[in-house]
Amino acid sequence: MSTTVTRPADTSPVQEEQPRVESHRPTHTFARLAVVVAVWVLGWLVLRGHQTLALPGAQLTSFQSWLNDVKNSFDAARETNVFFKVIGGLSDGLNWLFTHLQYLFSTPAPGRPVPEIGWVGVLALLVFTAFALAGVRSAVLVLVGTLAFGYLGYWRESIDTLLITLLAVAICVLIGVPIGIWMARRKGVSASITPLLDAMQTMPSFAYLPPLALIFGIGTASAIVLTVIYAIPPLIRITEHGIRGVSEGAVEASQSLGCTSGQQLRKVQLPMARRTIVVGINQCMMAALSMAIIAAFVSGPGLGVPVTQSLAALDIGGSAVSGGLIVVIAIMLDRTTTAASQRGEILARAGSGTRRMRRIVLVVLAVVTVVAVYVSRLRLSAAQFPAHPALQRPVSSFISSVTDAVVNAIEQVTTAFANIVSYGLINPLQSVLASSPWWLSAAAILALAYVLGGWRPTVTAAVCEAVLLGVGLWNDSMITLTTVLVATIIVVVVSVVLGVTMGRSGRTDTILRPLLDALQTIPPFVYLVPALALFGVGRFTAIVAAVAYGVPIATKLVADGIRGVSPTSVEAAESSGATVWQMITKVQLPMSRAAVVLATNQGLLYVLSMVVIGGLVGGGSLGYFVVAGFSQDQLFGKGLAAGIAITALGIMLDRIARHAAARHGRA
Amino acid sequence: MTQTVPATEGRSTPAGDPALVVDGLWKIFGSRADKVIGTPDAALSRKELQAKTGCVTAVKDVSFSVQPGEVFVVMGLSGSGKSTLVRLLTRLIEPTAGTIRMGGEDITSADAGHLRELRRHHVAMVFQHFGLLPHRTVIDNVAFGLEVRGLGKSERRVRAQEMVDLVGLAGNEGSFPDQLSGGMQQRVGLARALAVDPTLMMFDEPFSALDPLIRRDMQNEVIRLHQEVGKTMIFITHDLQEALKLGDRILIMRDGEIVQIGTPAEVVANPADEYVRDFVSDVPRSHVLTLRYVCRRPEGGDPGRGPALQADEVVRDAARQVLAAQDPVRVFDGETFLGIVEDEDILRVVVAEEDVAS
């Protein structure tokens, strides 16, 4: 009936859509960009090599020496200052907790030749936990993975990495989930915490390191705090999102039935958001694990130590084995939490018979586990992982010889590729950025920021440039900027091509997506290993690793964006006779512009954090100083300054990209 | 429920207080909402007010009362403020001004605990999108209101089972909501509302999301339940047919304001303005109009001959008798003579569907 009722024109309560006021013509912007670049290049031709503010490797500016002094005085104040006593107490507590966990599972406990629980016991506990939480398949995966820890010769390091990751995640859950819930229920809290999370996530992981080391000193506590800071933002965000995402209807219905606020949380919001929160824990775990290697730089225990050592020694086989074990841990944790998130509902819907059966199996397995733990305390063979067969050496030399063969076979191709990118893209860009006088580059970057994004990012960029100048690393920052820009451009191009293909073809999607998922669970450091094998030490290796790290996430975002384009629009374009190319360029890409922008942004962040890590394999510049700052005491100030510079670069690029996207996104 | 006698048409209103009295109720959304009422701005139309202050008036100075046992329908197009209105009644949305009294008790000044008691025991709501909890079985969904109240598990299961049987879902207790069809899900919503044994039930467009056939089934279900349990009901809809079918009285809203309140027959026979007239123009009048609206006063008063019928008889039901009678039918309201109805009057409504009121 309601459809046949004629509707008087004046009854529509919806306000009319405002006409869009601002719209920038793209041709205009391109012309202005071209002018800025032309002026820059002209200036570079005339003035190159002058006033570049290059700073030789071992030389320090006064600011950097001052940072060294600050560090020394912090170290001296550790005993007396109240602030440091509190920090000291916190870090002692974390160290104590972790040491005792190690006594329990991984290192010989005081008065014993072996840990309290031997390898058989640990294995049984892990397998049992995986089975109880996630089912048979995860249990088998955990069994195989855990055996690999021992047979590949890194039992203790692997268990340490697992312990430090789980401890950090536990702390994240205890702090992060309540904060997320709080944010979901109070708009004001959300508005005040979200910018902080943004800042934490914009900062490349490496940039946290020096200031943390400054405050917490070197050691396990520092590594744990570092991991928590890095891993907690995604958990908080996803928890908030999950609670917010609970259907308004259900919340309103529970309110109308007279739920108290606590009942609403316990009976409606938490159960309905449970799956999302577990996804948050999964993300948190992956982030925590990706810090496992970085933690080695502040003397954190675990697999990070052998990975960094063999990377530094250019031992491809060795780094592949230890890095591979981190991937094994990543897969174990990822599969288990993913399966656990889906499990609750499946169990709730299973018949009572199935549930009784499961309970019996669990009890039996629990008994077996307890027996295994008990036996592993009594018998040395169950306490110490058997020395044979020792697979580490054969596996690593096998990997080394295979890589050598492969690298030799394709060396000409890789060298040619590296040369083309280096001479065609990196070198010209780098010389314009870094060997122009500093004021010319600075002014040109500001002009570009203004043309692309208006005055707001220009102000941010000016502040960031001031920071770069202030810490005395202008020239190195420009070199790093080159690397970041090149890697980001490659990431965006590759991910748009792949993403569009995936978004348009279901079959490509089904093939590529699991691969991308797998690549995403790999911690960033591990990408260095194959890049190093293929391209040797140098800047280009850092770029390749950064691209490999950034492409999976960016590709997925683009693919989801293309997939999200309304089928009606696609159908409409098709019915008006659009070609495939027209469909992509005129319908699908413009309509998924937000996704492409997000992909660029994420790609940029990933690249940025990887470029720093690239310092380890000869990426040079800022990344190198951060790394060197830990190994050489007199370079600490320079390393800290480099960390600050990287953060400034990141913020600058992020803001310009965001504003440019917001401004031109709707044209 | 046009079959039952509407309250204003002859039937004496039940003794005691009205179930619900709403007086001067306002809801204005916006940051300076409380600064509008009492100023000349309050008289502005919704569009003008929004342009001037940025505030949006959702409900504007609404007053009405609902009798115990009545089915009171609020009807309007989307954006008319009807869904906001029903949420104001239990303060799921806080009113900007006005009072609401339920069974003599002032809701507007109740504190949080009091309000919760009210929602737990006296008022229950059925939602357009059901608002079921996907992680609970049907029976646990139905028992949810009792659980929130703190009732023990076995007790609430027993009560919930009765409700599941009452709405015809026996056998589906252990299913999860997503395993049921839309109509069945809404039956769960209905059972959940009934389970707390409320004095007042509110329906917020409960059947809009359902297929037409299932919607008709559910409407009949509500009629049946109303006859069985006799609750006071407030029913929100944008469907005029539904409003005419279920309502003892209908409140028509537009832009947050009341346009008309009346029985289905009153609304169809005497639309308050062009807006309502437009609405009811497609309604088959013979199904709604009663003899009261078609009878004429003859010169010379009661002719004394011809069959007598009551004024609240619907034209369609009376047609055969009128057409069969030799003399004009005499229409009475109780003992009072109202007028006569002849073949021509009936035919004018049934065949020509001509607007008798104009």
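Annotations for the structure displayed:
- Nearest 10 degrees, 0 to 90: helix B:315-324 Cα axis against chain B principal axis: 20 degrees
- Going from the chain on its own to the full set of protein chains, segment B:79-94 has these residues losing 30 Å² or more of accessible surface (heavy atoms, 1.4 Å probe, no ligands, DNA or RNA): B:Leu92.
- Tail weight of P(r) past 15 Å, computed on alpha-carbon pairs of segment A:477-539, percent: 68 percent
- At 1.306 mPa s and 10 °C, Stokes D of segment A:278-324 from Kirkwood alpha-carbon radius, µm² per second: 141 µm²/s
- Taking chain A and dividing mean pair separation by its residue count, relative contact order in percent (alpha carbons under 8 Å, at least six apart): 20 percent
- Summary: within chain A, the longest segment free of GluC sites (Glu not before Pro) located in DSSP loops with at most 14 other C-beta atoms within 10 Å is A:80-667.
- Amide H contacts of B:Ala97 (H built 1.01 Å from N, under 5 Å, at least 5 apart or other chain): B:Trp26
- Assigned charges on the beta-carbon of Lys, Arg, Asp, Glu; segment A:530-624 dipole about Cα centre (debye): 180 debye
- In order along segment A:119-131, the Karplus-derived 3J(HN,Hα) couplings, from 6.51 cos²θ - 1.76 cosθ + 1.60 at θ = phi - 60°, round to 5, 5, x, 4, 4, 4, 4, 5, 5, 5, 4, 4, 5 Hz, and Gly and Pro are given as x.
- Translational diffusion coefficient of segment A:50-158 (Stokes-Einstein, Kirkwood radius from Cα pairs, 37 °C, 0.692 mPa s): 177 µm²/s.
- Legend: distances between Cα atoms for A:Lys187/A:Lys267; A:Lys85/A:Lys638; A:Lys556/A:Lys638; B:Lys47/B:Lys82; pairs beyond 29 Å are A:Lys556/A:Lys638.
- Over chain B, DSSP H runs of length four or greater, each weighted -39,500 (n - 2.57), average out per residue to a 222 nm ellipticity of -9500 deg cm²/dmol.
- Working note: Karplus 6.51/-1.76/1.60 with θ = phi - 60° gives segment A:651-657 the couplings 4, 4, 5, 4, 5, 4, 4 Hz, where Gly and Pro are set to x.
- A 1.4 Å probe run over chain B, with the rest of the protein chains in place, finds 42 Å² accessible per residue.
- By accessible area, using a 1.4 Å probe on protein heavy atoms only, segment A:246-311 has 51% of its surface on carbon and sulfur.
- Every pair of different Cα atoms in segment B:74-230 enters the Kirkwood calculation, which places the hydrodynamic radius at 16.4 Å.
- Convex hull (Cα only) mean projected area of segment A:423-465, reported in nm² to one decimal: 3.2 nm²
- Each Lys and Arg contributes +1 and each Asp and Glu -1, all at the Cβ; summed about the Cα centre of the protein assembly as shown, the dipole is approximately 3440 debye.
- Surrounding net charge for B:Ile214, when Lys and Arg each add one and Asp and Glu each subtract one, Cβ distance under 11 Å: 0
- Viscosity 1.567 mPa s, temperature 4 °C, Stokes-Einstein D of segment B:139-193 from Kirkwood C-alpha radius, µm²/s: 118 µm²/s
- Global geometry of chain B, whether rounded, prolate or oblate, following the gyration tensor of its Cα atoms and the 1.5 cut on a/c: oblate
- Cα point-scatterer Debye curve for segment A:403-483, base-10 log of I(q)/I(0) at q = 0.17, 0.24 Å⁻¹: -0.73, -1.11
- Three principal axis lengths of segment B:243-358 [C-alpha, angstrom, descending]: 50, 29, 26
- Taken one residue at a time, the phi angles of segment B:87-97 give Karplus couplings (6.51, -1.76, 1.60, θ = phi - 60°) of 6, 5, 5, 10, 6, 5, 10, 6, x, 7, 7 Hz. Gly and Pro are set to x.
- A Förster radius of 41 Å, combined with the Cβ-Cβ distance separating A:Ala350 from A:Arg379, puts the computed FRET efficiency at roughly 0.60.
- Element breakdown for segment A:391-453 at a 1.4 angstrom probe: carbon and sulfur atoms account for 71% of the accessible area.
- Selection among B:Val62, B:Ala110, B:Val22 by position relative to the dipole of segment B:7-110 gives B:Val62 as farthest towards the positive end (Cβ unit charges, Cα centre).
- Convex hull projection area averaged over all views, segment A:197-248, Cα basis, nm²: 4.0 nm²
- One quarter of the surface of the convex hull around the alpha-carbon atoms of segment A:276-411 equals 13.1 nm², the direction-averaged projected area.
- Calculated [θ] (222 nm, deg cm²/dmol) that DSSP helices of n ≥ 4 give over chain A, each run adding -39,500 (n - 2.57): -26000 deg cm²/dmol
- Solvent-accessible area buried by pairing B with A, both sides, nearest 100 square angstrom, 1.4 angstrom probe: 3000 Å²
- Divide the volume of the convex hull around the Cα atoms of segment A:42-110 by the residue count and you get 226 Å³ per residue.
- Across the alpha-carbon set of the protein assembly as shown, the Rg to Rh ratio works out to 1.08, Rh being the Kirkwood radius.
- B:Met253 long-range amide H proximity, modeled H, under 5 Å: B:Met75, B:Gly76, B:Val259
- Probe 1.4 Å, accessible area per residue of segment A:538-611, Å²: 41 Å²
- Inter-label distance, nm, simple model (7 Å from Cα along the C-beta direction), B:Ser45/B:Ser109: 3.8 nm
- For segment B:120-167: span of alpha carbons on each principal axis (Å, largest first): 29, 23, 22
- Shape metrics for segment A:341-416, restricted to C-alpha atoms - Rg then Dmax, Å: 24.5, 65
- The accessible-area loss of segment B:138-154 on complex formation, taken against its chain alone with a 1.4 Å probe, reaches 50 Å² or more at B:Phe144, B:Val148.
- Aspartates and glutamates with Cα under 17 Å of B:Lys27, excluding same-chain neighbours fewer than 8 positions away: B:Asp41, B:Glu48, B:Asp61, B:Glu94, B:Asp255, B:Glu257
- Solvent exposure of segment A:96-252, expressed per residue, is 39 Å² of accessible area, with all protein chains present and a 1.4 angstrom probe.
- Taken along its principal axes, the alpha carbon cloud of segment B:144-281 reaches lengths of 55, 28, 27 Å, longest axis first.
- Distance in nm between pseudo-label sites at A:Val363 and A:Lys586 (7 Å out along the Cβ direction from Cα): 7.0 nm
The values are calculated or read from the model by the stated rules, or taken from the named source; none is laboratory data. None of the values given here were measured: they were computed from a predicted structure. Every residue, glycine among them, receives a Cβ derived from its backbone with ideal geometry; neighbour counts consider all protein chains shown. Areas reflect the complete protein model, heavy atoms only, side chains present, ligands, DNA and RNA absent. Shrake-Rupley method; radii C 1.70, N 1.55, O 1.52, S 1.80 Å.
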